[in-house]
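The structure appears below as structure tokens.
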Amino acid sequence: MDQAVYAKHILTSNKEAIVTVEEAYDYITFQTHLDRRLLDDRCGYVMAKIGDAVDRAFKSSKLKAENLSEVIIMGGGSLIPTVQSTIQLKTNQSPSRVLNTDESNAAGASILAAKIHKLFNVAEFKSPAYIYYPIEIEYDVKIVNNNNEEEIRHHKELLYPFLARQTAKKVLTISHVVDDFTIRVRNAQFPDHLNIEENNQRDIMDVHINGVKEAISNN
């Protein structure tokens, strides 16, 4: 892992790197040559996510590339040439790196702390968190119908649509249930570039509702 991180750092400013893993197996040292082209090829799916993030930023802000006066990027990945070229391709501007990540994080934490503290008066700012990948719930419940017969009903409901606030509270009402059941929470859809086809990769969590029969019998 250390050599992988080392190679990434070297290839941000150089086209080639020598990777060495001492005593990789049975006192044998492994050494190989790695170039930036191979790294870009192996990380192509990650670069696609960067382009998708820029597209989503444009869509959610209702802005276009010509509306931007400057593009500033920060973070460790901002040093990678392919990341810079991907952002430049999407925004039609050469990204600037005038902000230091650690300094920016420290400044943001200081402003937030001052806002919370009662001794300081800080200008109001909001940074709400939104849902970009819709979340749905799905469950099968055993109910008693109008004919007083038990039957299984399948329910599927969109819990958080696109751009819903993450802090929004949801109330789920389920009636006429006579037995325990499980609510399956999952992502409703993924961008095409992720190539996610297996349904189980979209699962977030399962919520098990137990004690239904006991609750009914006690009431």
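Just so you know, all these numbers are worked out from the coordinates, no wet-lab data involved. Just so it is clear, the model here is predicted, and its values are computed rather than measured. A quick note on method: Cβ atoms are made from the backbone with ideal geometry, for glycine too, and the neighbour counts reach across all protein chains shown.
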| said: Between the range 128-171 and the range 96-119, what is the separation of their alpha carbon centroids in Å? | reply: 38 Å
| query | Straight-line reach from LYS90: which aspartates and glutamates have a Cα under 12 Å away, not including same-chain ones fewer than 8 places off? | reply | ASP52, ASP55, GLU66
| Entries of LYS8/LYS126; LYS64/LYS170; LYS126/LYS170; LYS8/LYS49 with Cα pairs more than 24 Å apart | LYS8/LYS126; LYS64/LYS170
| task | With everything on Cα atoms, drop me the angle between helix 44-61 and the longest principal axis of the chain, reported from 0 to 90° to the nearest 10. | result | 70 degrees
| Based on the Cα gyration tensor of the chain, what are the three equivalent ellipsoid semi-axes, each the root of five times an eigenvalue, rounded to whole Å and given largest first? | 46, 28, 20
| field | the range 130-218: radius of gyration over Cα atoms, expressed as a fraction of 2.2 N^0.38 Å | value | 1.31
| request: May I ask for the angle, rounded to the nearest 10°, between helix 2-13 and the longest principal axis of the chain, with both axes built from Cα atoms and the value confined to 0 to 90°? | output: 60 degrees
| said: For the range 102-186, which GluC sites (Glu not before Pro) pass both filters: DSSP loop (anything but H, G, I, E, B) and at most 10 other C-beta atoms within 10 Å? | reply: GLU124, GLU149
| Options THR82, ALA106, ILE72, ranked by Cα towards positive dipole end of the range 1-117, top entry (Cβ charges) | ILE72
| Given the chain, what percent of its DSSP beta bridges are antiparallel, to the nearest 5? | 95 percent
| Which value in deg cm²/dmol, rounded to the nearest 500, describes the helix-derived mean residue ellipticity at 222 nm for the chain, given -39,500 (n - 2.57) per DSSP H run of n ≥ 4 and division by the residue count? | -10000 deg cm²/dmol
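Is there a quick way to get the dipole size of the chain? I mean about its Cα centre, with the Cβ of Lys and Arg at +1 and of Asp and Glu at -1; what is the value in debye to the nearest 20?
1180 debye
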| Modelled FRET efficiency - R0 41 Å, VAL122 with SER94, Cβ distances, 0.05 increments | 0.80
| Tilt of helix 81-91 relative to the longest C-alpha principal axis of the chain, in degrees (0 to 90, nearest 10)? | 60 degrees
